[in-house]
Amino acid sequence: MGKPVWIKHAAQLVTLAYESPGPRVKEAMSELAIIEDGSVWLEDGVIQAIGTTAELAIHYADRATEADVIDATGHLVTPGLVDPHTHLAFGGSREREFEMRLEGATYMDIMNAGGGIHATTRMTREATEDELVQQSVGRLDSFLAHGVTTVEGKSGYGLDLETELKQLRVMKRLQAEHPIDIVPTFMGSHAVPTEYKGREDEYVDLIINEMLPIVAHEKLAQFNDVFCEVGVFTPEQSERILEAGKLYGLTPKIHADEIEPYQGAELAAKVGAISAEHLLKATDEGIQAMAEQGVIACLLPATALYLRETAARGRAMIDAGVPVAISTDCNPGSSPTTSMPLVMNLACISMRLTPAESLCAATYNAACAIQMEDKVGSLEVGKQADIVLWNVRNYQELQYLFGVNHVKCVWKKGSKVIG
């Protein structure tokens with residue numbers, strides 16, 4: 001596996017180590033377990049030791065000359081960021097829609113005119129698997145440059161069996177070929193395809209009876225997501241799809257209450273979803289139901305900004321006991337960004353998360369939202385050596401200096417991939 005790596009003298013080594021398992025809630029989201037003058041020893045792709053520089057200097061006194069030594073004096077060191085909600089593999093782009101929104105068109109106006117998800121569906125159906133791989137590699141490289149070492153990736157731009165499988169197979173290839181870990185989600189229920197307009201229940205049947213069995217048989221996805229929204233899938237249709245997915249071993253996720261209050265948060269609690277996404281219009285009752293069932297709120301402040309909408313009530317959700325994660329929602333229409341650092345800044349500015357809560361939401365809680373917390377999301381002995389060294393002195397400065405990429409170095413499974 002090559003030489004060990006010894007990162008030492010970090011001004012702040014943010015470990016996010018915590019004694020209790022599961023996603024952090026309320027005050028626990030602010031407990032970052034910071035080590036000043038911190039040090040971490042990486043070997044064989046995992047974290048072997050962590051502590052103060054003085055402690056590791058004693059522990060590895062007879063091996064110090066073996067290591068590639070990184071002097072992190074004056075720098076912040078954190079776990080690799082985790083992006084738990086992306087639409088990674090898609091064809092084409094939709095820059096014209098940005099102008100349309102500025103001219104007054106709404107999300108649903110664009111979608112009903114054949115744009116939005118349907119436009120990307122056409123371009124994704126036309127693209128070859130190799131073309132999708134090539135486009136997606138560029139996005140993954142940009143994620144990595146912004147300190148992201150693990151992403152979730154959704155299908156949902158095929159809306160037919162062939163293309164949905166193509167997207168998922170692209171992500172399977174990328175998982176093998178790119179340093180970033182990719183956790184796949186099936187989202188054939190991202191929209192009702194135009195050819196099924198007026199026959200929406202038939203498309204729901206197609207998802208349940210044809211798509212889900214093949215996705216499960218080929219082990220192409222870990223999660224099953226649905227866009228529960230007015231004009232897309234009703235709560236009843238969404239529940240059918242999510243419950244069917246559970247029978248095939250796919251954990252439910254749900255795009256909920258993004259455009260209008262539509263009982264999406266309540267449905268997430270009812271079906272035992274691991275996370276509910278967006279939640280701009282979630283009701284108080286829905287938030288309480290999520291808190292009671294431990295459903296993670298995956299909030300997307302860059303999407304709200306891009307759509308010029310009021311952001312989700314992140315502060316209220318944390319105060320109510322909902323575990324909160326944050327994500328770019330990288331997609332071609334409503335959030336064409338790969339910058340998790342910007343998302344952390346926006347979480348503070350638009351949703352009133354504290355800098356500590358924002359960092360927790362982008363690391364450990366984000367890992368919990370994709371069932372990866374046993375491997376990533378915190379710096380602890382035995383976990384993957386996914387680490388970011390930042391050109392700032394502390395985590396507060398990381399959130400304070402917004403709109404700038406402060407990444408200096410990134411290690412993925414112990415190998416330096418940036419810097």
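Structure values in brief
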quantity: Cut-off 11 Å between beta-carbons: net charge of the residues surrounding VAL230, Lys and Arg +1, Asp and Glu -1; calculated: -3
quantity: Sequence-distant residues sharing a close amide H with ILE296 (under 5 Å, placed H); calculated: SER275, ALA276
quantity: Dipole of region 47-147, positive direction: furthest Cα of SER142, THR78, GLY116, with charges on the beta-carbon; calculated: GLY116
quantity: Inter-probe distance in nm under a simple model that places probes 7 Å from Cα toward Cβ, at ASP62 and GLU285; calculated: 6.7 nm
quantity: Cα gyration tensor, region 95-250 - rounded (a/c under 1.5), prolate or oblate; calculated: oblate
quantity: The chain, relative contact order [Cα under 8 Å, separation at least 6], %; calculated: 21 percent
quantity: Sites excluded, GluC sites (Glu not before Pro) in DSSP loops with at most 11 other C-beta within 10 Å, longest stretch of the chain; calculated: 104-419
quantity: For region 387-393, Karplus couplings with θ = phi - 60° (6.51, -1.76, 1.60), whole Hz, Gly/Pro x; calculated: 9, 10, 9, 10, 7, 9, 8
quantity: Accessible-area order (highest first, 1.4 angstrom probe) of the listed residues TYR157, TYR306, TYR395; calculated: TYR306, TYR395, TYR157
quantity: Residue with peak Gaussian network fluctuation, the chain [Cα springs, cutoff 10 Å], from ASP160, ASP83, ASP257; calculated: ASP160
quantity: Unit charges on C-beta of K, R, D, E only; dipole of region 72-122, Debye; calculated: 140 debye
quantity: Note, ³J(HN,Hα) from phi for region 180-186, Karplus 6.51, -1.76, 1.60, rounded to Hz, x at Gly and Pro; calculated: 5, 6, 10, 9, x, 10, 7
quantity: FRET E, pair VAL230, ARG315, Förster distance 35 Å, beta-carbon r, rounded to 0.05; calculated: 0.85
quantity: Max mean-square fluctuation residue, GNM over the chain, Cα-Cα springs under 10 Å, options THR251, THR185, THR52; calculated: THR52
quantity: GNM flexibility winner over the chain from ILE58, ILE318, ILE387 (Cα, springs under 10 Å); calculated: ILE58
quantity: Protein-only accessible surface order, largest first, of LYS172, LYS412, LYS281, LYS166 at 1.4 Å; calculated: LYS172, LYS281, LYS166, LYS412
quantity: Residue-by-residue Karplus 3J(HN,Hα) for region 27-36, coefficients 6.51, -1.76, 1.60, Hz, glycine and proline x; calculated: 4, 5, 5, 9, 8, 8, 6, 7, 10, 7
quantity: Calculated [θ] (222 nm, deg cm²/dmol) that DSSP helices of n ≥ 4 give over the chain, each run adding -39,500 (n - 2.57); calculated: -10000 deg cm²/dmol
quantity: Among MET372, LEU342, PRO355 the positive-end extreme of the charge dipole of region 280-397 (Cβ point charges); calculated: LEU342
quantity: Value of relative contact order over region 152-269, rounded to a whole percent, pairs C-alpha under 8 Å and six or more apart; calculated: 23 percent
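The values are calculated or read from the model by the stated rules, or taken from the named source; none is laboratory data. What you see is a predicted model; the values in this text were computed from it and never measured. As a convention, Cβ positions derive from the backbone with ideal geometry for all residues, glycine included, and neighbour counts pool all protein chains shown. Accessible surface areas use protein heavy atoms only, side chains included; no ligands, DNA or RNA. Shrake-Rupley method; radii C 1.70, N 1.55, O 1.52, S 1.80 Å.
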